[in-house]
Amino acid sequence: MTGAPLWRRKALPVLLGVLLLNLGVFGAYTFPRTLQVRSATSRALNAREEVERERAAVADLRRRAEVVKANTQDAERFYETMAPRRTDVLAVVEDVEKMAKEPGLKPGQRAFAPADVKDPRLVRVKITLPLEGSYDQLVGFLDRVERSPHFLTVDRIALHSAKEGAAALQVELSAYFRSEGRPLATR
């Protein structure tokens, strides 16, 4: 550099200083901006993922709401059409006894009584019916109960051997009726 003109020798440090100053200013403004852009991009990606999770949750809630609505409609249809009025208790009990006699079973002394149920619109009547007959006759009776137009559930079955080729069956059924607001007498 000894052979370089004086202005070059003096300009070179100034030029290097300005270059370093430019690099410093560039870094001071650009680096934070780059970090902001990266941070914003990351937040936008997280927000998109959160939106997708929320959309999936909303879709799941909508499906659940549709199921609840369908269940409510089914329950209302049940109350309107399937469950007979409570005044039909004796008729249902007699139908159950008739279902037992059709396949040739010998019904014993029947009993029925009201039972607890969670829904105040329903009354549950527990029917106890001792039966005697063959296994095929017992299966035939249970098939008739299953196909009954009444809303009946089999709560408990106790099978005991009776005579040769016959069995004794203690059947506990529940019949459901629409409530009418007055207590049910037992028999």
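Screening the stretch 172-187 for residues that are touching a helix residue (DSSP H, G or I) at 6+ places or on another chain (Cβ under 7 Å), in a strand (DSSP E or B) and not small (Gly, Ala, Ser) and picking the one that is modelled with the highest pLDDT gives Leu173. The sole residue among Ala100, Ala59, Ala65 that is in contact with a Leu (Cβ under 6 Å, 6 or more places away or on another chain) and either surrounded by 14 or more Cβ atoms within 10 Å (Cβ to Cβ) or not in a loop (DSSP other than H, G, I, E, B) (or both) is Ala100. Taken as a whole, the structure leaves Ala40 outside the set of residues that are surrounded by 10 or more Cβ atoms within 10 Å (Cβ to Cβ), closer than 30 Å to Leu122 by Cα, at pLDDT below 95 and under 47 Å from the mean Cα position of the chain (by Cα).
The values are calculated or read from the model by the stated rules, or taken from the named source; none is laboratory data. These numbers come from a predicted model, not from an experiment. Methodologically, a virtual Cβ is constructed for each residue, glycine included, from the backbone with ideal geometry; neighbour enumeration extends over all protein chains shown.
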